[in-house]
Amino acid sequence: MWRGLWTLVARPARGPRSPRPCTRQGSGAPAPGSGATIFALSSGQGRCGIAVIRTSGPASGQALRSLTAPRDLPPARKACLRLLSDPRSEEPLDRALVLWFPGPQSFTGEDCAEFHVHGGPAVVSGVLQALGSVPGLRPAEAGEFTRRAFAHGKLSLTEVEGLADLIHAETEAQRRQALRQLDGELSHLCRGWAETLTKALAHVEAYIDFGEDDNLEEGVLDQGGSAWGVGGGDIWHLSPQRPPYSLSFPPSTADSEVRELEVALGAHLRDARRGQRLRSGAHVVVAGPPNAGKSSLVNLLSRKPVSIVSPEPGTTRDVLETPVDLAGFPALLSDTAGLREGVGPVEQEGVRRAQKRLEQADLILAVLDASDLASASSCNFLDTVVIPAGAGSPNGSSQRLLLVLNKSDLLPAGGPDPSPDLPPHLLLSCLTGEGLDGFLEALRKELAALCGDPSTGPPLLTRARHQHHLQGCLDALGHYKQAKDLALAAEALRVARGHLTRITGGGGTEEILDIIFRDFCVGK
């Protein structure tokens with residue numbers, strides 16, 4: 001059997017295989033309609049001081065000459081003031097700044113031009129119509145500029161995703177995380193991992209190609225006096241017996257690097273939910289007994305009247321959701337019905353939905369009335385929600401919870417803690433704002449633990465696609481460790497490396513690319 005595998009894997013040429021460098025490359029597939037020149041409004045719609053219209057493609061220079069007077073191209077990457085005219089009627093359109101970016105030194109890697117015109121709708125419409133009359137130009141599709149940048153190797157796929165996240169960022173934490181990904185931190189990390197696997201694969205294939213030969217270069221298989229050394233360390237051992245050869249895995253430099261990679265992948269996968277929460281928002285649920293001030297807290301945090309506030313218990317009958325920026329972190333804030341035995345079918349359904357939402361929460365803001373801690377509803381909430389959440393579940397996945405004692409303005413001034421036996425808690429008055437700064441700081445720390453700090457630490461995985469490929473890489477490394485022959489071990493390393501390259505865009509299918517780029521606006 002081994003001889004058959006050897007024949008399948010060994011190449012006709014007996015020279016050593018050189019590993020493919022992990023440098024930034026294009027996707028291997030041309031951008032849609034890459035032979036055409038595209039144009040679009042790249043700034044926002046509506047009236048504005050300046051609107052930016054840009055083109056990309058081989059006819060960009062012709063378009064710039066057709067609309068400007070004089071007709072010569074401006075110096076590369078230097079803004080020049082030019083009169084824009086309709087090439088058909090010669091009617092003046094605007095006096096604007098124009099810029100010329102000859103490829104490949106441009107965002108897309110192609111010849112590009114930009115027109116910085118006045119932002120009135122009539123001006124923008126006139127310039128776009130004039131560009132549409134230039135032969136070889138057509139309007140751009142959503143995300144087509146960025147897709148061409150990806151196709152020409154200007155951006156990796158993770159950097160493209162970072163650019164999309166930066167455009168859609170609504171909080172400080174989202175902006176920081178998106179900027180780190182756009183700067184290529186996740187790409188560099190994945191390329192470093194892929195390089196580790198490339199070296200290991202080269203060592204294995206060296207054994208496959210030359211395991212029985214004596215013509216290996218000096219030091220390739222025996223470095224540092226080791227009979228099984230490769231690249232300064234041991235990795236494989238082929239017993240000098242008749243086929244089939246026995247294969248063992250002694251401690252080695254390359255093997256230890258693969259084990260370290262497994263540990264790093266496992267750590268990132270365990271941390272994957274943090275990056276996804278940072279991108280889409282942590283689920284924060286406000287819960288408590290009736291009339292504890294939950295709706296008041298939701299309105300205070302969202303800075304708008306999301307929920308009806310009333311002294312009548314049971315006012316909130318359904319789950320009310322609102323996206324908010326909490327201390328710089330994105331969150332989906334949910335106001336829920338007061339937890340008690342419902343007095344009617346509608347309130348009972350509201351309580352059921354509240355309990356279900358609690359199970360899905362990333363963070364629970366447990367609200368109690370500081371002046372009514374001895375009531376049956378408060379005690380029941382403590383026993384059924386607060387204490388179990390703090391204790392955690394049997395599998396160790398405890399929910400994070402902040403206990404807030406609202407209505408502190410009803411307590412005697414300078415009095416003792418209303419209930420020293422309670423778990424750690426915060427005093428707050430939604431009416432006067434007393435204790436709000438301390439509450440927001442505690443909330444910021446909880447969200448930072450949930451979403452991660454985008455300013456420090458390793459890059460976060462912000463999409464399910466990243467998590468899928470890292471898990472695939474980890475699974476393939478497991479097959480590598482269990483392989484009984486070199487050919488299967490080498491194939492496992494190839495599969496593992498393939499998952500890493502697909503994170504940054506190598507070998508991505510058109511369907512995946514279409515899904516990613518359709519989230520971009522036209523003109524980007």
Is one or more of the residues making up region 5-19 touching a Gly at 6+ places or on another chain (Cβ under 6 Å) and either modelled with pLDDT under 80 or under 29 Å from PRO135 (Cβ atoms) (or both)? no
Look through GLU195, GLU185 and report the one residue that is more than 19 Å from the chain's Cα centre (by Cα) and either modelled with pLDDT of 90 or more or surrounded by fewer than 19 Cβ atoms within 10 Å (Cβ to Cβ) (or both). GLU195
Mind listing whichever residues of region 47-61 are under 21 Å from ARG95 (Cβ atoms) and open to solvent by 40 Å² or more (accessible area, probe 1.4 Å)? ARG47, CYS48, GLY49, ILE50
Picked from region 442-452 (must be out of contact with any Phe, Trp or Tyr (no Cβ under 6 Å at 6 or more places or on another chain) and in contact (Cβ under 8 Å) with a residue 40 or more places away in the chain), the residue farthest from ASN406 (Cα to Cα) is GLY452
Just one of GLN105, GLN174 is out of contact with any Cys (no Cβ under 6 Å at 6 or more places or on another chain) and either free of Cβ contacts under 8 Å to residues at least 40 places away in the same chain or β-branched (Val, Ile, Thr) (or both); which is it? GLN105
Name every residue in region 38-59 that is modelled with pLDDT under 95 and among the polar types (S, T, N, Q), in order of residue number. SER42, SER43, GLN45
Restricted to region 241-258 and to residues being surrounded by 14 or more Cβ atoms within 10 Å (Cβ to Cβ) and outside any loop (DSSP other than H, G, I, E, B), the residue modelled with the highest pLDDT is VAL258
Can you give me the ranges of the helices (runs of 4 or more DSSP H) entirely in region 383-491 with at least 1 residues that are open to solvent by less than 40 Å² (accessible area, probe 1.4 Å), at pLDDT 90 or above and in contact with a strand residue (DSSP E or B) (Cβ under 9 Å, 6 or more places away or on another chain)? 436-451
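Scan region 266-273 and give yes if some residue there is in contact with a helix residue (DSSP H, G or I) (Cβ under 9 Å, 6 or more places away or on another chain), at pLDDT 65 or above, buried (at least 17 other Cβ atoms within 10 Å of the Cβ) and on the phi < 0 side of the Ramachandran plot, otherwise no.
Yes, that holds for at least one residue.
The values are calculated or read from the model by the stated rules, or taken from the named source; none is laboratory data. All values derive from a computational prediction rather than experimental measurement. When we count neighbours, we look across all protein chains shown, and the Cβ atoms used for this are built from the backbone with ideal geometry, even at glycine. SASA here: full protein model, heavy atoms, side chains in, ligands and nucleic acids out. Shrake-Rupley method; radii C 1.70, N 1.55, O 1.52, S 1.80 Å.
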